[in-house]
There are 2 protein chains.
Amino acid sequence: CGAASQMDNGQPRFKEFPYASPAIKNLMVDLISTVENSLDSMLLPCTLPQDIQYFHNQTDTAHASLFLRSGSPSSPIDFILGSWLHCELPTGGALNITSLSSYMNNSTDAPHLVIEFIQNTPTSLVFILDLPHRKDLILHPHYLKTFYEDSGLENQRQLLNKLSEVQPYVSPSLYIRSVFSPTAVVLRIDTSSSGGERLEEILRDDVSSAAKMVLEIWLNLCVLGEKQGIQDEEKAYLKTRDSMFKSKSIETDIGSTLPRMFGQETADRVLSVLREII
Amino acid sequence: CGAASQMDNGQPRFKEFPYASPAIKNLMVDLISTVENSLDSMLLPCTLPQDIQYFHNQTDTAHASLFLRSGSPSSPIDFILGSWLHCELPTGGALNITSLSSYMNNSTDAPHLVIEFIQNTPTSLVFILDLPHRKDLILHPHYLKTFYEDSGLENQRQLLNKLSEVQPYVSPSLYIRSVFSPTAVVLRIDTSSSGGERLEEILRDDVSSAAKMVLEIWLNLCVLGEKQGIQDEEKAYLKTRDSMFKSKSIETDIGSTLPRMFGQETADRVLSVLREII
C-alpha cells in the first residue's frame, strides 16, 4: 500500500507473498505492478486498517493479507482487491489462496477481472482466470462478440487446457459456476504423476503467459478502451447486478473460509470493513 | 404426429429413429412418450408439412426428420421440437444427431429442456442434457436456488461425470456455452479404449437413468409445478430473451448443418417453415 503504510513491525506485507511458490509470487508481483502502473492515477491509495492488511489467528497457524485500492471517481474502476491466505492443515500440509480481482463501476459495462490460485497440495492447484461478464449473454450477443468472441480470450483457455496435467475444475458452488464467462479458465493442474517440479514449470511458463495476456486484454479492452455511453436505465441495472455480484462473491469466498480459519471475531472485523467499502 | 400424418409411403417416421442405436432409440421413444402423456392436452397436433417431417438429400446419403408440437394457448409450453439427422461421412462412418427440446412460453419463467446426442464414431458421442435458465442467475439467486440448487439436477450431473469414459465437452460456440445452466450435463463419452459395447451399456444404464430423472424434474418443477404470476414487464423480458434464444439456437444448430448436408434449397425450405412457427 505504498511507503506510508509499510509495516516495519516485522509483519509481512501484501506484496511479499511470503507463502506463495516462487512462480506464483513472481507472477502476482508482475500482475499487480502492471495493474498499478497502467491504472496509475485511476486508483486511490489503499486505506485498509493495518489489522486488515495483515492478520493471523491465535495459534499462528493461519495468516492472511488484504490489499484494496478504490478507483478514483472519474475512473471505470470500482476497486481492485488482492488477497493471500495461508493456513496450516491438520493433515500436515497447508492451504494457500492467492487472488487478484478488479471490480468495475457502472460508468462502463465492461467485464470484471478475476485471477485466483487455490493450492492445498504441493503438486496440484486450482487456477481461475476470467473476465466475468456483467450482462446476460443470451440477451446481448454484441457483448458476447466484443468481449469474448473477438478478444482472443478463447486462445488462452485452449492453450492451457491442452496441457496433459490440466483438468477442468467444477466449483461446488452453482453460484460461482454462473459467474464465469464462456472463455473462463477454470482448471485443476495436477502434476502428482509427472514429478513435483512440473507444477512450478507450468506456473512459470504457461499460466504466467496466459495470465499476463488476459490482463493485457482486460486493460486494453475493458479499462483503457473506447468508452460507449451507458444509459441511466442500464446504469441502474449494472449497479444492482454488480452489488449482488460483489456481496455474494465476497460472502461465498471470504465469508465461508475466514470464520473457520481465524475465528468469528476476526472474520467479522474483516467482513465489516470490506462491506463498508463494497 | 398421430394417425392422421402417418407416412405409408415407406418413408421413416420421426418416432422410428431408424439410424439411432437401440439404447438411444429406446430412450428417445420413452422420453417422448412420457412428455406426450404428461402434457397431453397441453400439446396441439404436429402440423409440420410432410416434406419437413422427413427429408433427404439428392444422393440419399443424408436423411432427417423433424417433429414439432406447439403448446395450447393456456399451457406454459411454446412448443416441443424433436429431430433426428443421419449423414454418411466421406470418411466411411456416419454422423447421427438426435434431439428433443421443449421451449416454454412467457406465462412462466421456468427453464426450457434440451436433450441431444451427437455421434460421429461408433464408440463415442457427445451428450447434452440441461434445463437452460431463462433469467440471469447472478441477478436472480432465488431462481438459481429453486431450479438448480434445490432440484436435485446436480446429482445427475455428478453421477455421469464420475464414469471413467466421460470427459467434459466444450462446445466451439461461445453462444452455446452461455446457454447452459450450472448443472448442465455437457459431456463426451468415449469408449474406444474400453471396448465398443460399453457405449450402449452406458447409454442404456447411466445416460437413460439421468435423462429420465431430469425429464421428471422438468415436468414436475417447470411444467406441472406451482405457478407464480409473471408481471407484464417480466413477460416482455422473457419474450425478448426467448425469441433470441430460439432463433439463435435453431440458427446455430440447424442453420449451420442443414445447407451442407441437404443443399441450400432444402435447408431454406425447412428453416422458413420453422421460422414461421418459432
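The values are calculated or read from the model by the stated rules, or taken from the named source; none is laboratory data. In this text, all values refer to a predicted model and were calculated from it rather than measured experimentally. Positions of Cβ are backbone-derived with ideal geometry, glycine not excepted, and every protein chain shown enters the neighbour counts.
Scanning region A:24-81 for residues that are crowded, with 16+ Cβ neighbours inside 10 Å, touching a Ser or Thr at 6+ places or on another chain (Cβ under 6 Å) and in a loop (DSSP other than H, G, I, E, B) yields A:54, A:76. For residue A:255, state whether it is away from every other protein chain (no Cβ under 14 Å), more than 22 Å from residue A:74 (Cβ to Cβ) and in a loop (DSSP other than H, G, I, E, B). The answer is no for residue A:255. Being away from chain B (no Cβ under 14 Å) and assigned to a loop (DSSP other than H, G, I, E, B) is a property that holds for residue A:225. Pairs are defined by a Cβ separation below 6 Å, a sequence spacing of at least 6 or placement on different chains, a first member in region A:79-96 that is more than 18 Å from residue A:253 (Cβ to Cβ), and a second member that is part of a loop (DSSP other than H, G, I, E, B); the pairs so defined are A:88/A:61. Inspection of region B:48-61 finds no residue satisfying the criterion of being in contact with a Cys (Cβ under 6 Å, 6 or more places away or on another chain) and modelled with pLDDT under 95.
For region B:8-56, a residue qualifies if it is in contact with a Gly (Cβ under 9 Å, 6 or more places away or on another chain) and closer than 19 Å to residue B:258 by Cβ, and exactly one does: B:14.
Every residue, every condition in (1) of a type in the set (D, E, K, R); (2) surrounded by fewer than 14 Cβ atoms within 10 Å (Cβ to Cβ), yes or no:
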{"site": "A:181", "(1), (2)": "no, no"}
{"site": "A:188", "(1), (2)": "yes, no"}
{"site": "A:193", "(1), (2)": "no, yes"}
{"site": "A:200", "(1), (2)": "yes, no"}
{"site": "A:230", "(1), (2)": "no, no"}
{"site": "A:236", "(1), (2)": "no, yes"}
{"site": "A:242", "(1), (2)": "yes, no"}
{"site": "A:261", "(1), (2)": "no, no"}
{"site": "A:270", "(1), (2)": "no, no"}
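Of all residues in region A:245-258, none satisfies being surrounded by fewer than 14 Cβ atoms within 10 Å (Cβ to Cβ) and within 23 Å of residue A:109 (Cα to Cα).
Here is a yes/no grid of residues against (1) more than 13 Å from chain B (Cβ to nearest Cβ); (2) part of a strand (DSSP E or B); (3) β-branched (Val, Ile, Thr); (4) farther than 25 Å from residue B:181 by Cα:
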{"position": "A:95", "(1), (2), (3), (4)": "yes, yes, no, yes"}
{"position": "A:100", "(1), (2), (3), (4)": "yes, yes, no, yes"}
{"position": "A:110", "(1), (2), (3), (4)": "yes, no, no, no"}
{"position": "A:120", "(1), (2), (3), (4)": "yes, yes, no, yes"}
{"position": "A:132", "(1), (2), (3), (4)": "no, no, no, no"}
{"position": "A:138", "(1), (2), (3), (4)": "no, no, yes, no"}
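The numbered conditions (1) surrounded by 22 or more Cβ atoms within 10 Å (Cβ to Cβ); (2) over 26 Å from residue B:275 (Cβ atoms) are all true for residue B:84 except (2). When the residues of region A:147-165 are filtered to those that are within 12 Å of another protein chain (Cβ to nearest Cβ) and surrounded by 20 or more Cβ atoms within 10 Å (Cβ to Cβ), the one that is farthest from residue A:200 (Cα to Cα) is A:147. Yes or no: residue B:212 basic (Lys, Arg) and away from chain A (no Cβ under 14 Å)? Taking the combined requirement at face value, the residue satisfies it. Checking B:194, B:151 one by one, the residue that is free of Cβ contacts under 8 Å to residues at least 60 places away in the same chain, assigned to a loop (DSSP other than H, G, I, E, B) and of a type outside the set (Val, Ile, Thr) is B:194 and no other.
May I ask you to verify whether residue A:184 is more than 9 Å from chain B (Cβ to nearest Cβ) and free of Cβ contacts under 8 Å to residues at least 60 places away in the same chain? Break it down stepwise before answering.
Details: more than 9 Å from chain B (Cβ to nearest Cβ): yes; free of Cβ contacts under 8 Å to residues at least 60 places away in the same chain: yes.
So residue A:184 passes the test.
Filtering region B:241-256 to residues that are of a type in the set (D, E, K, R) and under 15 Å from the mean Cα position of the chain (by Cα) leaves B:246, B:248, B:251, B:253.
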